[in-house]
Amino acid sequence: MKLLISNGYVIDPVQGINTGRDLLIENERVVGVLERGQERPADVEVLDATGLVVAPGFIDLHAHLREPGAEYKETIASGAAAAVTGGWASVCAMPNTDPVNDNPAVTRFVIEQAQRAHLANVFPIGSITKGCDGKELSEMGEMKNAGIVAVSDDGHPVPNAGIMRRAMEYARGFDLTVVDHCQDSSLTAGGVMHEGRWSLILGLRGMPAAAEDVHVIRDCVLAKLTGAAVHIAHVSTSGALDAIRRAKDAGVAITCEVAPHHWTLTDETIAEFDTNHKMSPPLRSANHVAALLEGLRDGTIDAIATDHAPHHADEKELEFDEAPFGITGLETAVGLAFDLVNQGVIDLERLVSLCSSNPARIFGLHDRGCLTKNAHADITILDPACEWTFDVSSSKSKSRNTPFHGRNMTGAAVATIVGGRLVYLHPDYNRITDSKSRNASAK
Ligand SMILES: [Zn+2]
């Protein structure tokens with residue numbers, strides 16, 4: 001089956017394409033980016049992307065899909081549905097499930113559930129240590145054979161530098177990127193928000209920026225020592241970014257991601273005690289937000305990741321001190337990323353690379369995050385002019401914990417194609433498939 005996405009504006013950072021082009025895909029692969037006006041192949045279905053941007057399918061490096069073990073919060077199927085609705089063709093699933101993905105049986109289960117859902121690509125991340133308890137290394141090689149794309153103990157930092165060193169050396173042998181949730185637990189114990197003026201005013205226990213800084217600095221040092229590919233999850237402080245910038249300048253193989261809530265909101269918003277503003281790392285003060293925007297602008301930050309962390313309403317409705325950390329993010333991330341473009345922080349091509357080509361490179365996902373010949377036909381179609389309001393009541397996620405309900409945004413993912421299949425189309429954009437019927441009736 002051939003599909004032509006015509007009259008769109010194609011952005012492919014890998015090939016340096018940023019102009020009006022047609023894109024031809026056949027079965028599950030990209031055939032090529034075509035000059036407009038070239039003769040169309042016979043028997044082709046057409047999507048009319050006039051006025052829209054055609055990009056490589058977006059890849060989220062960081063999502064918690066909660067299955068196995070907490071299916072009341074999210075399942076792989078509901079998470080994958082939320083992903084494609086938000087424009088993510090692929091999601092990488094963190095291993096802190098119950099049981100933890102620390103062995104190939106769990107890895108295979110995640111992959112099978114994703115195949116059953118048949119929506120987004122789901123790439124499992126294996127744990128660094130057994131049970132994510134920071135003590136004994138997991139079965140990385142066997143999990144790699146079963147299909148993991150990286151290792152992480154996300155949710156927990158790996159506290160012991162000696163174990164982290166061995167994990168990096170071990171992972172390097174299997175060509176796996178090590179993803180770390182950077183937080184020195186001895187500095188954050190009991191903390192529920194950023195330590196600063198607002199934690200003092202509100203009388204809540206703080207988590208200092210220094211807790212993230214010292215852990216990131218340690219990981220930069222260990223990355224240099226081991227030569228492993230190290231990726232810092234959800235960076236949130238200016239000190240962490242400075243350390244990453246210096247390490248990159250020195251040639252260390254280190255990358256990092258940022259989550260939209262960290263550049264969008266500050267700790268001041270916690271004054272309402274809304275637990276949908278409680279996450280880890282916490283929302284930071286304005287000077288850290290300014291540093292994140294600079295990191296997005298100057299290229300220090302490599303990727304935008306959602307850190308989608310669904311929780312049931314009964315859990316989030318507890319007192320601020322008691323509620324779990326985390327918010328959903330798959331359906332709001334792209335809209336919030338467009339804020340960066342609309343505010344002139346980054347351009348559209350950089351947005352596309354932060355969400356597609358860079359994530360593919362960081363986890364070594366071959367033939368993804370690009371529109372080169374024979375790449376997987378994963379496509380995200382964007383409308384930079386789409387004005388919309390996020391309504392959590394229509395979310396595809398099983399959970400509702402978001403601070404962005406009712407937020408107005410300009411710019412959205414309006415269609416998602418996975419493996420050549422249109423798996424999501426925004427209901428207001430049915431017009432793009434109309435040419436298909438016109439094409440058919442003209443025959
Ligand atoms: Zn984390």
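The values are calculated or read from the model by the stated rules, or taken from the named source; none is laboratory data. As the structure is a computational prediction, the values presented were derived from the model and not from experiment. Virtual Cβ from ideal backbone geometry, glycine too; neighbours counted across all protein chains shown. Accessible surface is based on the protein model in full, side chains and every heavy atom, while ligands, DNA and RNA are left aside. Shrake-Rupley method; radii C 1.70, N 1.55, O 1.52, S 1.80 Å.
Structure above, values below:
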| quantity | calculated |
| --- | --- |
| Neighbours by Cβ (under 7 Å, 6+ apart or cross-chain): first from region 192-214, in contact (Cβ under 8 Å) with a residue 24 or more places away in the chain; second open to solvent by 50 Å² or more (accessible area, probe 1.4 Å) and assigned to a helix (DSSP H, G or I) | 198/268; 210/187; 211/187 |
| Which listed residue is more than 19 Å from the chain's Cα centre (by Cα) and not hydroxyl-bearing (Ser, Thr, Tyr), from 259, 313, 303 | 313 |
| Any hit, region 429-443, residues being assigned to a loop (DSSP other than H, G, I, E, B) and open to solvent by less than 20 Å² (accessible area, probe 1.4 Å) | no |
| Residue list for region 56-103, restricted to those being over 26 Å from residue 357 (Cβ atoms), more than 16 Å from the ligand (Cβ to nearest atom) and touching a Cys at 6+ places or on another chain (Cβ under 9 Å) | 102 |
| So residue 221, is it outside any loop (DSSP other than H, G, I, E, B), more than 16 Å from the ligand (Cβ to nearest atom) and free of Cβ contacts under 8 Å to residues at least 12 places away in the same chain | yes |
| Whichever residue in region 225-266 is in a helix (DSSP H, G or I) and out of contact with any helix residue (DSSP H, G or I) (no Cβ under 7 Å at 6 or more places or on another chain) and, among such residues, is nearest to the ligand (Cβ to nearest atom) | 261 |
| Selection status of residue 121, more than 16 Å from the ligand (Cβ to nearest atom), surrounded by fewer than 16 Cβ atoms within 10 Å (Cβ to Cβ) and more than 18 Å from residue 227 (Cβ to Cβ) | no |
| Residue match in region 16-38 (condition: open to solvent by less than 30 Å² (accessible area, probe 1.4 Å), within 16 Å of the ligand (Cβ to nearest atom) and either over 17 Å from the mean Cα position of the chain (by Cα) or on the phi < 0 side of the Ramachandran plot (or both)) | no |
| Counted residues, region 169-185 - those being under 22 Å from the mean Cα position of the chain (by Cα) and away from the ligand (no atom under 16 Å from the Cβ) | 3 |
| Some residue of region 317-332 being aliphatic (A, V, I, L, M) and either in contact with a Leu (Cβ under 7 Å, 6 or more places away or on another chain) or buried (at least 23 other Cβ atoms within 10 Å of the Cβ) (or both) | yes |
| Looking only at region 267-277, and only at residues there that are hydrophobic (A, V, I, L, M, F, W, C) and open to solvent by 10 Å² or more (accessible area, probe 1.4 Å), the one that is farthest from the ligand (Cβ to nearest atom) | 271 |
| Residue match in region 63-73 (condition: under 24 Å from residue 330 (Cβ atoms) and among the hydroxyl-bearing types (Ser, Thr, Tyr)) | yes |
| Any hit, region 125-141, residues being in contact with a Ser or Thr (Cβ under 9 Å, 6 or more places away or on another chain), away from the ligand (no atom under 16 Å from the Cβ) and closer than 30 Å to residue 347 by Cα | no |
| Those residues of region 122-141 which are in a strand (DSSP E or B) and of a type outside the set (Ser, Thr, Tyr), in sequence order | 122, 123, 124, 126, 137 |
| Matching residues, region 142-156, being buried (at least 21 other Cβ atoms within 10 Å of the Cβ) and either within 16 Å of the ligand (Cβ to nearest atom) or part of a helix (DSSP H, G or I) (or both) | 143, 150, 151, 152, 153, 154 |
| Conditions (1) open to solvent by 10 Å² or more (accessible area, probe 1.4 Å); (2) touching a residue at least 40 places away in the same chain (Cβ under 8 Å); (3) of a type outside the set (Phe, Trp, Tyr): number failed by residue 401 | (1) |
| Tally of residues being out of contact with any Leu (no Cβ under 6 Å at 6 or more places or on another chain) and not in a loop (DSSP other than H, G, I, E, B) across region 354-381 | 11 |
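Rundown of residues vs (1) of a type in the set (Asp, Glu); (2) on the phi > 0 side of the Ramachandran plot, yes/no style:
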residue	(1), (2)
295	no, no
301	no, no
307	yes, yes
314	yes, no
321	yes, no
331	yes, no
363	no, no
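Residue by residue, here is whether (1) open to solvent by less than 20 Å² (accessible area, probe 1.4 Å); (2) at pLDDT below 95; (3) touching a helix residue (DSSP H, G or I) at 6+ places or on another chain (Cβ under 8 Å) holds:
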| site | (1), (2), (3) |
| --- | --- |
| 342 | no, no, no |
| 359 | yes, no, no |
| 368 | no, no, yes |
| 379 | yes, no, no |
| 382 | yes, no, yes |
| 390 | yes, no, yes |
| 396 | no, no, yes |
